Amino acid sequence: MSKASNIMRLALLQLKGSKDKTANVANALGQIEAAVKQHKPRLITLPECFNCPYGTKYFREYSERIPDGYTSQQLSKAAADHQVYIVGGTIPELGENDAIYNTCTVWAPNGELIGKHRKMHLFDIDVKGGIRFKESETLSAGNEFTTIDVDGHRIGIGICYDIRFEEMARLYRNAGCEMIIYPAAFNMTTGPLHWELLQRARANDNQLYVVTTSPARDSNAEYVAYGHSMIVDPWAKVLKSASEGEEIVVADVDFSLVEQVRQQIPVFNQRRVDLYSTKQVPKV
Ligand SMILES: NC(=O)CC(=O)C(=O)O
């Protein structure tokens with residue numbers, strides 16, 4: 001598709017969560033409506049696990065089929081009602097053979113499902129005196145890369161821990177992506193040190209936009225999300241960011257910056273492929 005415009009308005013919805021799935025989905029729908037009325041975005045993003053508490057013991061109970069489940073149907077309707085693209089954060093997905101995935105769905109303005117990304121790198125960490133989390137206790141990892149086309153702009157989808165893997169971002173860059181969107185829920189151990197650093201690193205290394213959307217911070221929750229949803233531009237500059245609470249972050253991104261940075265700092269033409277391998281195997 002040809003590029004209709006280089007400017008795209010994004011609205012990142014940093015949402016409060018609770019143990020009540022219906023209330024979480026209703027809150028997301030209300031915030032989508034508010035964002036559309038106030039800001040008229042082309043694309044809206046939601047946080048990781050926006051309909052479910054972020055904890056391994058909850059994933060099976062809250063899991064749903066995609067696209068037939070309740071949350072998918074609500075997001076599809078919201079996209080069609082408001083004529084907007086929705087990168088629907090993540091929900092626990094009940095997949096084939098009863099496996100559970102942490103999955104992002106993407107909806108077009110006609111309500112059609114145009115992308116489904118299963119978290120590829122499971123968040124299994126054990127930081128002494130900090131946080132222990134083991135998604136692999138109940139989740140399976142996805143095996144497929146996911147890109148979508150929005151008005152002629154190719155966008156890669158990753159989920160939270162996926163951002164730590166530069167190889168994945170590089171594959172998206174090589175596949176022509178100008179932006180990577182990561183629904184994410186960093187925490188109070190890793191967030192302060194790594195959240196902004198990783199986003200700016202991925203943006204700088206690959207000369208593209210990086211967008212993250214976190215749940216709002218709830219200090220009483222079992223898993224305390226860091227917040228600070230963010231848009232980083234291809235210069236690695238933080239274009240806009242949220243604080244900790246529930247918030248809508250709005251920004252107009254200019255995709256012409258991607259080409260500008262790639263021309264002015266042409267690292268991808270200057271690689272010493274005679275000295276190191278840059279062979280890319282998977283097809284994205
Ligand atoms: N929750 C995650 O998937 C990742 C995270 O919190 C981190 O990498 O830190």
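Bear in mind these aren't lab numbers, they're just calculated from the coordinates by the rules spelled out. Predicted model, so just to flag it, every value in this text is computed and none were measured. Cβ placement follows ideal geometry from the backbone for every residue including glycine, while neighbour counts extend to all protein chains displayed.
Run through the DSSP bridge list for the range 7-269 and note the antiparallel percent, rounded to the nearest 5.
DSSP beta bridges in the range 7-269 are roughly 70 percent antiparallel.
Greater than 28 Å separation of Cα atoms is the criterion. Which listed pairs, 57/128; 19/77; 134/279; 128/279; 37/119, meet it?
Distance filter (> 28 Å) returns 134/279; 128/279; 37/119.
Report the gain in length on full extension from residue 267 to residue 97: 0.36 nm times residue separation, minus Cα-Cα distance, nm rounded to one decimal.
Contour length minus Cα-Cα distance gives 56.8 nm.
When the Debye formula is applied to the Cα atoms of the chain, each taken as the same point scatterer, what base-10 log of I(q)/I(0) results at q = 0.08, 0.09, 0.11 Å⁻¹?
-0.30, -0.38, -0.58
For residue 209, what residues show an amide H to amide H distance below 5 Å, using hydrogens built from the backbone and excluding near sequence neighbours?
179, 180
Select from the range 1-110 those GluC sites (Glu not before Pro) which occupy a DSSP coil region and have at most 13 other Cβ atoms within 10 Å, ordered by residue number.
Qualifying residues, ordered by number: none.
Which GluC sites (Glu not before Pro) does the range 173-224 hold that lie in a coil by DSSP with at most 15 other beta carbons within 10 Å?
Taking the range 173-224 and a limit of 15 other Cβ atoms within 10 Å, the loop GluC sites (Glu not before Pro) found are 222.
Got a sec to turn the phi values of the range 181-189 into Karplus ³J(HN,Hα) couplings, 6.51 cos²θ - 1.76 cosθ + 1.60 with θ = phi - 60°, whole Hz, x for Gly and Pro?
After applying 6.51 cos²θ - 1.76 cosθ + 1.60, I find 10, 10, x, 7, 9, 5, 9, 7, 8 Hz.
Per residue of the chain, what 222 nm ellipticity follows from adding -39500 (n - 2.57) for every DSSP H run with n ≥ 4, rounded to the nearest 500?
When only DSSP H runs of four or more count, the value is -8000 deg cm²/dmol.
Return the loop-located GluC sites (Glu not before Pro) in the range 99-175 (DSSP other than H, G, I, E, B) with at most 11 other Cβ atoms within 10 Å of their own Cβ; answer none if there are none.
Those that pass, being in a loop and sparsely packed, are 144.
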